[in-house]
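The structure appears below as structure tokens.
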Amino acid sequence: MSRAEDPAPPGRPLPQLSLDTEFFWTSGADGKLRVQCCRSCDALIHPPQPICRYCRGHDLGVRVVSGEATLAGFTVNHRFALPGLPPPYVVAQAALVEDPRVRLTTNIVDADPGTLVLGMRLEVVFRQESDVWLPLFRPTAEQPETAALPIDEIAPERFGEYVRPMVRQKKFEDDVALTGIGMSRLGRRLMVPPLALTVEACERAVADAGLTMSEIDGLSSYPGGGNLGGFGEGGVGALEAALGVRPTWYNGGIETFGPGGSVIAAMLAVSAGLARHVLCFRTLWESTFAEMTKSGRITPSGGRTTNWMHPFGATSAAHTLAQNAQRHFHRYGTTRETLGWIALNQRANAAANPTAIYRDPMTMQDYLDARPITTPFGLYDCDVPCDGAIAVIVSAVDAAADLARPPILVEAAGTQIIERIEWDQSTLTHEPQVLGPAAHLWSRTTMRPEDVDVAELYDGFTFNCLSWIEALGFCKIGEAKDFLDGGRNISRDGMIPINTHGGQLSHGRTHGMGLLHEAVAQLRGAAGERQVADARVAVVSSGGLTPGGALLLRTAS
């Protein structure tokens, strides 16, 4: 182990030193890497915790480790820039040789990215900035035989073994129905106050259901209020202040299954009798926020971070998912073209949707030639930041029959967390928080993947969608390369039509709420040119590295 001669350029986000993390971020002062350990079972624990997750022991300490690691994943960032960390730079995961379950997010230095190979041996090299010593890694001078990559704590094929059985036969899903949907204007840089978009979508959803605003007695939103930049309008409080609906129940929060979590919470409230008609909504105004920030009209917040990845420039979900995609490539033979078929499918579907942001035809060569974002992702692997709001109404099933539209029933919800929550410590070869909820979904119904007529699957990046395809059983784990080849199986007239409105890759990033809106439209037979014939059952997923969730929907007949 050694200390880098030159200090890091100023400006990259520095970690907040706290009572439980200061030892890690300052241990490089003497050139040694230190990691929390459990004295009872000898496991290394990262990030630090007050209890050992493996033996639940409380006899914890700090251990000096060798500083040697295996390169468990890497991505070359081309798009995102930080002060003091201009692109291109390498974000990586280094699995410690003493306990490969510990994977440190880091930067690879002193190496040409083209020479990096998964499984190569690394050594730590500290770089001081202010009162922090950042543990960076470089390839060792002598390279032993390439090591095997770390393995998941639970093999992707075995997640069903860890699903908790239903606690009772009666399901909350049977008590609810989806009765109204609404979408605001959707576009790039609309320069419209976000709350105005929320109101627009909510008014349309209420009218669609044949309700009046005074009949709405519940509100539910993700991610709630707070300083969320372009990712929210102010939450439940802001909407209630605008509408004055006086709800008997409300919910807003970020620690849930994305927008799908807010809808599931509404279902639980309706099933419990707390409300009859809950208005669920999701608003984004990323394009306008970015434009106003660029022009200086909005000053982004700064300061130190408690995120373990941000100090290394891993500021986007793309940096984590790109490494998972790379490992899927490595283990299963998946290629960029595999992901390309997803992007092309979404674009073809968007061409039939007048509300989609990107509708121009795209070829595989267009996809492959697009500018790189963070390897292996290019521009068309990434969803489209936009301004817009989506609203969905959850009603009591006994109140739904008298409303304006045929109710869409909920067959099952999948929510169980089986994987680790921390992005860089979780599932290696799939999007984390996908395999668990998918297995849980099928435990709550007698239906199976072959019963599904249309799938609206979260596609913040192409790899999210691939992960859900395998997790939900439309093909076996590791077989997406063959299943997606040519795009035929996922087309609107294929084996399982996917993201029929264009998905987030072409329709626009609505964080999964647009997928639910489309599923309802398809089951109603109201999707126009993009309608899938005889659609009776739909699966919808949401959550992009948040805890994921899935819903299985069906028509009443």
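When residues of the range 353-369 are filtered for being crowded, with 19+ Cβ neighbours inside 10 Å and either within 19 Å of the chain's Cα centre (by Cα) or not β-branched (Val, Ile, Thr) (or both), how many remain?
The qualifying residues number 4.
Condition (residue is over 30 Å from ALA92 (Cβ atoms) and of a type in the set (Gly, Ala, Ser)) applied to the range 374-381: is it met by at least one residue?
No, the range 374-381 has no match at all.
For the range 23-46, does any single residue satisfy the condition of being closer than 23 Å to ALA322 by Cα and part of a loop (DSSP other than H, G, I, E, B)?
Yes: the range 23-46 contains one or more residues that are closer than 23 Å to ALA322 by Cα and part of a loop (DSSP other than H, G, I, E, B).
Is it fair to say LEU274 is crowded, with 18+ Cβ neighbours inside 10 Å and more than 17 Å from THR198 (Cβ to Cβ)?
no
If a residue has to be surrounded by 24 or more Cβ atoms within 10 Å (Cβ to Cβ) and closer than 19 Å to GLU422 by Cβ to count, how many in the range 249-260 make the cut?
3
Among the residues in the range 270-278, are any within 13 Å of VAL394 (Cα to Cα), within 25 Å of the chain's Cα centre (by Cα) and assigned to a strand (DSSP E or B)?
Scanning the range 270-278, I find at least one residue that is within 13 Å of VAL394 (Cα to Cα), within 25 Å of the chain's Cα centre (by Cα) and assigned to a strand (DSSP E or B), so the answer is yes.
Would you pick out the residues in the range 109-136 that are in a strand (DSSP E or B) and within 19 Å of ASN307 (Cα to Cα)?
Scanning the range 109-136 gives PHE126, ARG127, GLN128, GLU129, VAL132, TRP133, LEU134, PRO135, LEU136.
For the range 329-346: of the residues being of a type in the set (Val, Ile, Thr) and not in a helix (DSSP H, G or I), which is surrounded by the fewest Cβ atoms within 10 Å (Cβ to Cβ)?
So the residue we want is THR335.
Residue-wise test of (1) without any contact (Cβ under 8 Å) to a residue 12 or more places away in the chain; (2) assigned by TED's automatic domain parsing to the domain that holds SER18; (3) surrounded by fewer than 24 Cβ atoms within 10 Å (Cβ to Cβ); (4) farther than 23 Å from PHE80 by Cβ.
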residue: TRP308; (1), (2), (3), (4): no, no, yes, no
residue: GLY313; (1), (2), (3), (4): no, no, no, no
residue: ARG327; (1), (2), (3), (4): no, no, yes, no
residue: ALA348; (1), (2), (3), (4): no, no, yes, yes
residue: ARG371; (1), (2), (3), (4): no, no, yes, no
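Counting only residues that are assigned to a loop (DSSP other than H, G, I, E, B) and either crowded, with 22+ Cβ neighbours inside 10 Å or over 26 Å from the mean Cα position of the chain (by Cα) (or both), how many does the range 55-82 have?
7
Based on this model, can you work out whether GLY549 counts as under 20 Å from TRP285 (Cα atoms) and touching a residue at least 40 places away in the same chain (Cβ under 8 Å)?
no
Rundown of residues vs (1) touching a residue at least 24 places away in the same chain (Cβ under 8 Å); (2) within 26 Å of the chain's Cα centre (by Cα); (3) assigned to a helix (DSSP H, G or I); (4) at negative phi, yes/no style:
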| residue | (1), (2), (3), (4) |
| --- | --- |
| GLU161 | no, yes, yes, yes |
| ASP174 | yes, no, yes, yes |
| THR179 | yes, no, no, yes |
| LEU190 | yes, yes, no, yes |
| GLU203 | no, no, yes, yes |
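Would you check if there is a residue in the range 384-392 being assigned by TED's automatic domain parsing to the domain that holds ASP175, among the acidic types (Asp, Glu) and crowded, with 23+ Cβ neighbours inside 10 Å?
Yes, the range 384-392 contains at least one residue that is assigned by TED's automatic domain parsing to the domain that holds ASP175, among the acidic types (Asp, Glu) and crowded, with 23+ Cβ neighbours inside 10 Å.
For the range 494-503, check the following and say yes or no: at least one residue is surrounded by fewer than 24 Cβ atoms within 10 Å (Cβ to Cβ) and either touching a strand residue (DSSP E or B) at 6+ places or on another chain (Cβ under 7 Å) or in contact (Cβ under 8 Å) with a residue 60 or more places away in the chain (or both).
Taking every residue of the range 494-503 in turn, at least one turns out to be surrounded by fewer than 24 Cβ atoms within 10 Å (Cβ to Cβ) and either touching a strand residue (DSSP E or B) at 6+ places or on another chain (Cβ under 7 Å) or in contact (Cβ under 8 Å) with a residue 60 or more places away in the chain (or both).
From (1) at pLDDT 95 or above; (2) more than 29 Å from PHE281 (Cβ to Cβ), pick out the condition that doesn't hold for ALA389.
Only one criterion in (1) at pLDDT 95 or above; (2) more than 29 Å from PHE281 (Cβ to Cβ) is unmet by ALA389, namely (2).
For (1) without any contact (Cβ under 8 Å) to a residue 40 or more places away in the chain; (2) surrounded by fewer than 24 Cβ atoms within 10 Å (Cβ to Cβ); (3) more than 30 Å from GLU233 (Cα to Cα), each residue gets a yes or a no:
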{"residue": "GLN425", "(1), (2), (3)": "no, yes, yes"}
{"residue": "THR429", "(1), (2), (3)": "no, no, yes"}
{"residue": "GLN433", "(1), (2), (3)": "no, no, no"}
{"residue": "LEU441", "(1), (2), (3)": "no, no, yes"}
{"residue": "MET447", "(1), (2), (3)": "no, yes, yes"}
{"residue": "GLU456", "(1), (2), (3)": "no, no, no"}
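What number of residues in the range 375-427 are assigned to a loop (DSSP other than H, G, I, E, B) and not aliphatic (A, V, I, L, M)?
Here the count works out to 16.
The values are calculated or read from the model by the stated rules, or taken from the named source; none is laboratory data. Treat the numbers as computed from the prediction; the structure is a model and nothing was measured. For neighbour counting, all protein chains shown are included, and Cβ atoms are generated from backbone atoms with ideal geometry for every residue, glycine included.
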